[in-house]
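The block underneath contains the structure these notes are about, expressed in structure tokens.
The values are calculated or read from the model by the stated rules, or taken from the named source; none is laboratory data. The structure displayed is predicted, hence computed values, not measured ones. Neighbour counts are summed over all protein chains in view; Cβ atoms, including those assigned to glycine, are modelled from backbone coordinates with ideal geometry.
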Ligand SMILES: [Mn+2]
């Protein structure tokens, strides 16, 4: 139940309402952080507060020192701050008279008891209440509940809470769980989102039907995957029109009956359709939630996170499409680098794992996507692929993916990456099938070697 979060949101709501000075809002740059920022932004607007906001990729000690020197006396951190709460305590709470509200879901650095001793801090975090911040609720969800504690007028912001949770990959097999499930039910009940079963294909609302089908490679659809004319054939043989008024139709354009026809044809062809059926959440603006969340996330990756806030607050769909195209071009050019260097053993090589060295050509914001796509399009034979790219502050960003087959045999990539990080003085971890890390630049080769030999061990 979300009631315990609403309860701890009350003092934060009270503080916001009573405070008359200017406020600084600080959010994190991914889809969840941008969504949480948009919620807080609208909430403060509606309270008629004076505020400024910024969106950061990371919150380093020097950022906290800088924020401590800013004019505002009330700081609101969303989707960031829990992990840095020790530093916030040291540089802000113990040394300035500023008040701080943190609305986050990351593992808190401060034990709850330590937070209690700091009267200027209100720290909202699901971990303190026994909820798993990894999958039960996102920062957008936490901030939504804060906005709801401020005023019932803010209940329209619930869509953003679900966009944030989706961006943080909190849905499990297409379904919201934990506190997110309560939020999803509330959103459906109040008609802010619609939910139905359907084909969960990439590009449901933005790509032509044949493209959505041909891009489906997991599971492999014989004669359709990577085969546009085969995909068109499948649509036609289902008795569906490929165009409507001259424009290609998307999966979202089909009526439920038409979608059933398509599913039926796919079943007749022997395709494992059950793996493609999922709950589809459609937002009020017509976008499928995963797709929209990807666009909001893309704003951060492209270094334009405030555009994500604008898209959400103004429902600026033109801007959303513009960002989507720009992001697509950036991904294509990063994939072009992989293609161009096929055969350049200095950049792309394969031992027990496949390695993509992004050098200074793939940014750390794109290496994860490139690794995922390279893994799924069969570029490597290896059971694990890792990409590595330069990040800020003499760090390297590592992104790694494992095949389903090796995970089913018991491999846990997140654990392995976590172990290696301890040895190379890095930070990282993740899930059994996907994990990431930040490591010191000089440990690059050591990291690759260690991952390679650990995977070799697993394979034998
Ligand atoms: Mn988050």
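Checked against (1) buried (at least 17 other Cβ atoms within 10 Å of the Cβ); (2) away from the ligand (no atom under 16 Å from the Cβ); (3) more than 25 Å from residue 299 (Cβ to Cβ), residue 53 passes all but condition (3).
Of the residues screened, residue 75 is not one that is surrounded by fewer than 22 Cβ atoms within 10 Å (Cβ to Cβ) and either within 16 Å of the ligand (Cβ to nearest atom) or in the same structural domain as residue 153 (by TED's automatic domain parsing) (or both). For the range 156-176, the set of residues classified as surrounded by fewer than 20 Cβ atoms within 10 Å (Cβ to Cβ) and modelled with pLDDT of 95 or more consists of 156 only. Say we look at the range 169-216 and pick out the residues that are part of a loop (DSSP other than H, G, I, E, B) and within 16 Å of the ligand (Cβ to nearest atom); which of these is nearest to the chain's Cα centre (by Cα)? The residue in question is 169.
If the condition is being farther than 21 Å from residue 128 by Cα and in a loop (DSSP other than H, G, I, E, B), then the range 69-92 contributes 70, 71, 72, 73. Comparison of 134, 83 shows that the only residue that is free of Cβ contacts under 8 Å to residues at least 40 places away in the same chain, under 27 Å from residue 174 (Cα atoms) and within 16 Å of the ligand (Cβ to nearest atom) is 134.
For the range 271-367, which fully contained strands (runs of 3 or more DSSP E) count at least 2 residues that are within 19 Å of the chain's Cα centre (by Cα), surrounded by 18 or more Cβ atoms within 10 Å (Cβ to Cβ) and in contact (Cβ under 8 Å) with a residue 12 or more places away in the chain? Result: 277-283. Taken over the range 236-252, the criterion of being touching a strand residue (DSSP E or B) at 6+ places or on another chain (Cβ under 9 Å) and buried (at least 17 other Cβ atoms within 10 Å of the Cβ) is satisfied by 249, 250, 251, 252. Go through the range 236-256 residue by residue and tally those that are assigned to a helix (DSSP H, G or I) and at pLDDT 90 or above. Result for the range 236-256: 3.
This table checks each residue for (1) assigned by TED's automatic domain parsing to the domain that holds residue 360; (2) closer than 18 Å to residue 368 by Cβ; (3) surrounded by 15 or more Cβ atoms within 10 Å (Cβ to Cβ).
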{"residue": "382", "(1), (2), (3)": "yes, yes, yes"}
{"residue": "387", "(1), (2), (3)": "yes, yes, yes"}
{"residue": "390", "(1), (2), (3)": "yes, yes, yes"}
{"residue": "396", "(1), (2), (3)": "yes, yes, yes"}
{"residue": "410", "(1), (2), (3)": "yes, no, no"}
{"residue": "424", "(1), (2), (3)": "yes, no, yes"}
{"residue": "432", "(1), (2), (3)": "yes, yes, yes"}
{"residue": "438", "(1), (2), (3)": "yes, yes, yes"}
{"residue": "442", "(1), (2), (3)": "yes, no, no"}
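Among all residues of the range 96-103, there is none that is more than 14 Å from residue 40 (Cβ to Cβ), within 13 Å of the ligand (Cβ to nearest atom) and either in a loop (DSSP other than H, G, I, E, B) or modelled with pLDDT of 95 or more (or both). Might you let me know whether the range 57-68 holds any residue that is more than 16 Å from the ligand (Cβ to nearest atom), modelled with pLDDT under 95, out of contact with any helix residue (DSSP H, G or I) (no Cβ under 8 Å at 6 or more places or on another chain) and assigned to a loop (DSSP other than H, G, I, E, B)? Yes - at least one qualifying residue is present in the range 57-68.
Do we find that residue 229 is assigned to a helix (DSSP H, G or I) and exposed (fewer than 13 other Cβ atoms within 10 Å of the Cβ) in this structure? Against the criterion (assigned to a helix (DSSP H, G or I) and exposed (fewer than 13 other Cβ atoms within 10 Å of the Cβ)), residue 229 qualifies.
Results for (1) more than 11 Å from the ligand (Cβ to nearest atom); (2) within 20 Å of the chain's Cα centre (by Cα), shown as yes or no for each residue.
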position: 117; (1), (2): yes, no
position: 123; (1), (2): yes, no
position: 130; (1), (2): yes, no
position: 138; (1), (2): no, yes
position: 142; (1), (2): no, yes
position: 148; (1), (2): yes, no
position: 154; (1), (2): yes, no
position: 157; (1), (2): yes, yes
position: 167; (1), (2): no, yes
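Looking only at residues that are assigned to a loop (DSSP other than H, G, I, E, B) and away from the ligand (no atom under 15 Å from the Cβ) in the range 13-43, which one is surrounded by the fewest Cβ atoms within 10 Å (Cβ to Cβ)? Of everything passing the filter in the range 13-43, 20 is surrounded by the fewest Cβ atoms within 10 Å (Cβ to Cβ). The set of residues from the range 201-236 being in contact with a helix residue (DSSP H, G or I) (Cβ under 8 Å, 6 or more places away or on another chain) and over 15 Å from residue 249 (Cα atoms) comprises 217, 218, 219, 221, 223, 224, 225, 226, 227, 230.
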